[in-house]
Each structure stands twice: as structure tokens, then as C-alpha cells.
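The block underneath contains the structure these notes are about, expressed in C-alpha cells.
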Amino acid sequence: MASRGVDIAPAEGKLGILLVGLGAVSTTLVAGVEAIKRGISKPIGSLTQMGTIRLGKRTDARVPKIKDFVPLASLDDIVFGAWDIFSDNAFEAAMNAGVLEKDLLNQVSEQLASLKPMPAVFEQNYVKRLHGENIKTGKTKMELAEQLIEDIARFKSENGCDRLVMVWAASTEIFLEETDVHRSVEAFEKGLYDNDPAIAPSMIYAYAAIKSGVPFANGAPNLTADIPALTKLAEANRVPICGKDFKTGQTLMKTILAPGLKSRMLGLEGWYSTNILGNRDGEVLDDPENFKTKEESKLSVLEHILQPDVYPDLYDGFSHVVRINYYPPRGDNKEGWDAIDLFGWLGYTMQIKIDFLCRDSILAAPLALDLALFMDLAQRAGMKGVQEWLSFYFKAPQTAPGLYPEHDIFIQLMKLKNTLRHMKGEDLITHLGLEYYD
Ligand SMILES: NC(=O)c1ccc[n+]([C@@H]2O[C@H](COP(=O)([O-])OP(=O)(O)OC[C@H]3O[C@@H](n4cnc5c(N)ncnc54)[C@H](O)[C@@H]3O)[C@@H](O)[C@H]2O)c1
């Protein structure tokens with residue numbers, strides 16, 4: 001079923017990646033891209049840089065790299081910008097984050113030190129544990145949005161960028177539910193003028209991006225652009241958006257393992273997950289209101305993958321518990337434990353234990369890079385609104401209204417690759433073996 005493909009504008013000129021939050025994930029991304037450009041390291045973990053895509057029949061032996069198949073911006077054409085509530089430059093912030101070794105950071109120190117964060121839009125109530133000084137002031141939330149819109153335009157012209165994308169890699173905000181102010185563009189804009197307390201800082205950034213025609217990806221679980229006001233605005237302004245919450249660590253493992261257990265029709269009694277984490281993200285998530293946002297995001301995956309309503313004998317009423325404990329000695333090196341109680345033939349019980357000694361930002365940085373490059377591609381391909389084909393990268397994928405999210409990582413990857421094939425007018429791959437039939 002080959003389509004004719006879509007017109008994709010070439011990736012000419014510079015791509016500006018605007019990072020909201022210059023913390024562990026962002027500085028690991030910026031330092032990593034610089035190290036890769038210089039040949040110091042390889043882009044491990046990045047599908048856009050290392051992944052391949054099969055085209056046509058298996059016998060055709062056409063398996064190009066994704067970056068050679070679709071026109072993605074080259075790493076040499078990327079310029080980074082950022083906002084943060086702390087004024088530390090990216091070198092200082094990376095040193096504080098303690099993810100990468102000093103030796104590596106020293107090799108790219110000039111590029112990192114030249115990245116200084118612009119003053120942030122911040123509201124204490126949304127992240128109680130942090131107290132920064134690099135913060136914008138304005139009488140109304142609309143004024144703050146306008147200041148961001150000016151920052152975006154200034155960054156673009158000062159850096160000679162052809163295109164921009166924005167990625168939220170700032171702290172997780174407190175839990176919010178959709179209310180009236182989020183339901184239409186008109187209500188939202190009125191709320192910006194009226195300083196409605198239900199409009200979070202992350203929503204102001206997303207609004208500024210969409211108004212500026214800049215694709216917006218949300219790496220945290222905040223509601224942010226997952227509200228009708230902003231999805232409608234993105235559709236109307238023809239801007240791609242996606243989120244939420246980078247799928248790293250424990251949830252990555254869950255969405256790899258759970259589809260496998262289900263594929264063998266093995267039952268689940270319970271899945272207990274706990275983490276210790278000692279970075280700033282861990283400190284923010286130590287606040288119950290911020291943790292609730294993360295908990296909702298992490299809890300949603302199993303229910304959707306296992307479909308207890310379709311398989312009640314296997315999954316009805318399974319217990320799913322997720323905990324995160326702030327434990328400073330571990331820094332960014334999170335440890336995640338899973339205790340999985342499953343059952344097989346005749347109901348006999350079994351257990352699986354996972355102890356994942358992971359590095360949070362090492363897993364997240366390549367996702368942020370891929371998202372920036374794919375969102376830029378989507379915009380050049382004329383795609384707008386929620387980009388479900390990028391669900392692969394998220395714990396709580398944003399979907400079109402009324403649809404449930406796809407969490408199975410293997411289906412997500414197939415959807416992503418088939419979207420790329422479709423863009424280029426290649427046959428979609430169904431894995432159907434027609435050779436068995438006459
Ligand atoms: N690292 C991972 O594996 C991972 C996975 C999924 C999601 N995330 C999410 O990504 C985000 C970033 O993670 P991190 O480890 O880099 O955290 P971090 O605490 O190191 O960095 C976040 C930065 O955002 C800044 N910030 C907070 N509010 C801001 C605002 N309104 N505007 C601008 N800057 C603001 C903070 O000052 C901080 O420097 C978090 O929300 C985290 O939950 C991370």
C-alpha cells in the first residue's frame with residue numbers, strides 16, 4: 001500500500017532547539033550533541049542517528065539509516081537556546097547536575113558556557129521545592145506569554161535560525177485537571193489576561209511556541225499542551241505538538257516486558273515498582289503534589305497494554321503500585337526495582353524481579369534529540385496537531401480526542417516507522433507472509 005508520499009521541505013539552514021529548563025536532561029543533551037559532533041562519542045540511544053528502516057521486501061535488502069531516508073536536520077546545524085529559573089550557564093548547570101564526567105564537560109566547556117538561560121516564566125505554587133532568581137515579571141500571564149514570544153523571535157534572528165522547535169525539559173509541575181479555562185482558545189486567552197491560577201507556566205510556554213509557529217514537545221508529565229485550547233490552536237496554526245513525559249527507566253522496561261507477557265497469555269496478579277533518585281528532579285518529585293503528576297503518568301501504561309476488560313481471566317484487578325523516593329546519595333543514577341507477580345498454566349504463580357541501575361538523563365537525552373529532529377521533520381512535512389506517531393518516546397502519549405493511547409513499545413515503533421515510510425511513499429510493512437498462499 002504505497003502512498004505517493006508527501007512533500008517535505010528540505011532541512012536547509014540552522015535549526016534552533018529551545019529547551020525549557022536547563023537541568024540534567026538538557027545539559028546532557030547539549031554536551032552530548034557537541035561531543036558527538038566532535039567525534040568524541042557516538043549517539044547511542046538515538047533512533048534518528050543510529051536507527052535503520054527496512055524498505056520493501058526482505059529480499060530487497062534495502063535498509064537505509066533513518067537519517068539517510070528522511071531529511072532530518074544535521075547535528076552540525078543545531079543551535080541551542082534555553083530558559084531556566086537559575087542563571088547558571090550550561091557548563092555550570094551540567095557540573096551541578098553531575099551526570100557527565102568533568103573530563104568530558106571540560107572538552108566542550110566553551111560551547112556549554114556560551115549557553116546562558118533566558119529568564120523563565122515561573123510560579124512558585126507549581127514547583128514548591130525550587131527557588132530561583134532568573135524569572136520574568138509581568139502584570140498578566142498574557143504579558144509573560146508575549147515576553148516569551150519576543151524571546152523566541154530574538155533568538156531566531158540573533159542565531160540566524162531557519163526553523164525552531166521547543167522541548168519542555170523543566171521540572172514536573174503539580175497535578176492539574178482540565179477545567180473550563182482549558183477548553184477553548186478564547187477561554188484560555190481570557191484566562192491569560194485574567195491571571196487564571198489554573199494556567200500553569202508550562203502552558204504559557206506551549207502557547208508562546210504555538211503562536212510563534214514553533215513545534216512543541218513535552219518531556220514531563222504536566223498537562224501543558226494536552227488541553228483542547230492548545231490542541232485546537234496547534235491545529236489552527238498548523239503546528240505539531242506532542243507529549244507527555246519521556247519514556248525512560250522503569251516505564252521503558254514496563255512497556256518492553258508487559259507486551260511480551262501478554263503475547264504469551266501469562267496472567268498478572270500485581271506489579272510493584274519503586275525507585276530511589278537523588279537529583280533535582282527527585283527533589284521536586286518528593287513533593288506529593290508534583291509526584292501525583294508523575295504517578296498518574298507512570299500508572300497508566302499497564303492498564304492499556306494488558307486490557308483487563310478484554311482478558312479478565314488474566315488481568316482483572318491486578319495490583320499496580322509506583323513509588324519514587326528522594327535519596328540524595330544516588331544523584332542522577334536512579335535505581336528502580338520491580339517485583340512482578342505473574343501466573344501461568346493452571347494458575348501456577350511465578351515471580352520476576354528487576355533491578356535497573358539506570359542513568360536517568362543518559363536515557364532521556366537521546367529522546368529529546370530525536371523528538372526535536374522528528375518534530376522539525378513533521379513541520380516540514382506539513383503535519384499539524386498531536387503527533388501520535390511519536391508515542392514511542394512518551395510514558396503518557398497525547399492522543400487525538402476520544403482515542404486511548406498506544407503504550408506497547410513495539411506497536412509504537414512500527415507506527416513511527418510506517419509513518420516515515422508513508423511520508424516517503426514506500427510500502428507500509430505489515431509482516432504478512434504472502435508466500436504461503438498460491
Ligand atoms: N531524566 C529522565 O529520565 C526523565 C524522564 C521523564 C521525564 N523527565 C522529566 O524531564 C524534566 C527534566 O528532568 P531533569 O532531570 O533534567 O530535571 P532537573 O531538575 O535537573 O532540571 C529541570 C530544570 O528546569 C528548571 N525549571 C523549573 N521550572 C521552570 C520553568 N517554569 N521554566 C524554566 N525552567 C524551569 C529547573 O530550575 C531545573 O534546572 C522533569 O520534569 C522530569 O520529570 C525526565
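The values are calculated or read from the model by the stated rules, or taken from the named source; none is laboratory data. Treat the numbers as computed from the prediction; the structure is a model and nothing was measured. Using ideal geometry, Cβ is built from the backbone for each residue, glycine included, and neighbour counts are taken over all protein chains shown.
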Only one of (1) near the ligand (Cβ under 9 Å from one of its atoms); (2) in the same structural domain as Tyr326 (by TED's automatic domain parsing) is not met by Ala258, so which one is it?
(1)
Can you tell me how many residues in region 231-247 are out of contact with any Pro (no Cβ under 6 Å at 6 or more places or on another chain) and within 16 Å of the ligand (Cβ to nearest atom)?
4
Against the condition within 16 Å of the ligand (Cβ to nearest atom) and among the hydroxyl-bearing types (Ser, Thr, Tyr), how does Tyr272 come out, does it pass?
no
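Table: residues versus (1) of a type outside the set (Asp, Glu); (2) out of contact with any Ser or Thr (no Cβ under 7 Å at 6 or more places or on another chain).
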site	(1), (2)
Ala120	yes, yes
Asn125	yes, yes
Val165	yes, yes
Glu173	no, no
Leu176	yes, yes
Ala187	yes, yes
Leu192	yes, no
The one condition Tyr311 fails out of (1) of a type in the set (Ser, Thr, Tyr); (2) surrounded by fewer than 23 Cβ atoms within 10 Å (Cβ to Cβ); (3) within 16 Å of the ligand (Cβ to nearest atom) is (3)
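Here is a yes/no grid of residues against (1) within 24 Å of Ala364 (Cα to Cα); (2) within 10 Å of the ligand (Cβ to nearest atom); (3) in a helix (DSSP H, G or I):
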{"site": "Phe91", "(1), (2), (3)": "yes, no, yes"}
{"site": "Met95", "(1), (2), (3)": "yes, no, yes"}
{"site": "Leu100", "(1), (2), (3)": "yes, no, no"}
{"site": "Asn106", "(1), (2), (3)": "yes, no, yes"}
{"site": "Glu110", "(1), (2), (3)": "yes, no, yes"}
{"site": "Leu115", "(1), (2), (3)": "yes, no, no"}
{"site": "Phe122", "(1), (2), (3)": "yes, yes, no"}
{"site": "Leu130", "(1), (2), (3)": "yes, yes, no"}
{"site": "Gly138", "(1), (2), (3)": "no, no, no"}
Out of all the residues in region 147-185, which are in contact (Cβ under 8 Å) with a residue 60 or more places away in the chain, surrounded by fewer than 20 Cβ atoms within 10 Å (Cβ to Cβ) and of a type in the set (Gly, Ala, Ser)?
Gly160
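For region 280-288, state whether one or more residues are of a type in the set (Asp, Glu) and either within 22 Å of Ala187 (Cα to Cα) or in a strand (DSSP E or B) (or both).
Here is the first cut: in region 280-288, the residues of a type in the set (Asp, Glu) are 281, 283, 286-287.
Restricting the remaining residues to those that are either within 22 Å of Ala187 (Cα to Cα) or in a strand (DSSP E or B) (or both) gives none.
So far as region 280-288 goes, no, none of its residues is of a type in the set (Asp, Glu) and either within 22 Å of Ala187 (Cα to Cα) or in a strand (DSSP E or B) (or both).
From Leu130, Leu144, grab the single residue that is touching a residue at least 12 places away in the same chain (Cβ under 8 Å), under 23 Å from the mean Cα position of the chain (by Cα) and either on the phi < 0 side of the Ramachandran plot or surrounded by fewer than 21 Cβ atoms within 10 Å (Cβ to Cβ) (or both). Outline the logic, then answer.
Details: Leu144 fails: under 23 Å from the mean Cα position of the chain (by Cα).
Matching residue, one of Leu130, Leu144: Leu130.
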Single residue of Leu15, Leu72, Leu19 found to be closer than 30 Å to Met423 by Cα and within 15 Å of the ligand (Cβ to nearest atom):
Leu19
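Please verify whether region 339-351 includes one or more residues that are under 30 Å from Val30 (Cα atoms) and either part of a helix (DSSP H, G or I) or touching a Ser or Thr at 6+ places or on another chain (Cβ under 6 Å) (or both).
Applying the first criterion (under 30 Å from Val30 (Cα atoms)) to region 339-351 yields none.
No, that holds for no residue.
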Just to verify a result, which residue in region 188-199, among those that are surrounded by fewer than 24 Cβ atoms within 10 Å (Cβ to Cβ) and not in a helix (DSSP H, G or I), is farthest from the chain's Cα centre (by Cα)?
Asp194
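Look through Val181, Val214 and report the one residue that is under 27 Å from Asp77 (Cα atoms) and either away from the ligand (no atom under 12 Å from the Cβ) or not in a loop (DSSP other than H, G, I, E, B) (or both).
Details: Val181 fails: under 27 Å from Asp77 (Cα atoms).
Criteria check complete, one pass: Val214.
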Single match in Leu373, Leu369, Leu416, Leu420 (criterion: part of a helix (DSSP H, G or I) and in contact with a Gly (Cβ under 9 Å, 6 or more places away or on another chain))
Leu369
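Can you tell me how many residues in region 326-337 are within 16 Å of the ligand (Cβ to nearest atom) and part of a strand (DSSP E or B)?
As a first pass, look at region 326-337 and keep what is within 16 Å of the ligand (Cβ to nearest atom): 326-328, 330-336.
Checking the rest, the ones that are also part of a strand (DSSP E or B) come to 326, 335-336.
Final tally of qualifying residues: 3.
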Any chance region 147-170 includes a residue that's part of a loop (DSSP other than H, G, I, E, B), at negative phi, within 16 Å of the ligand (Cβ to nearest atom) and at pLDDT 95 or above?
yes
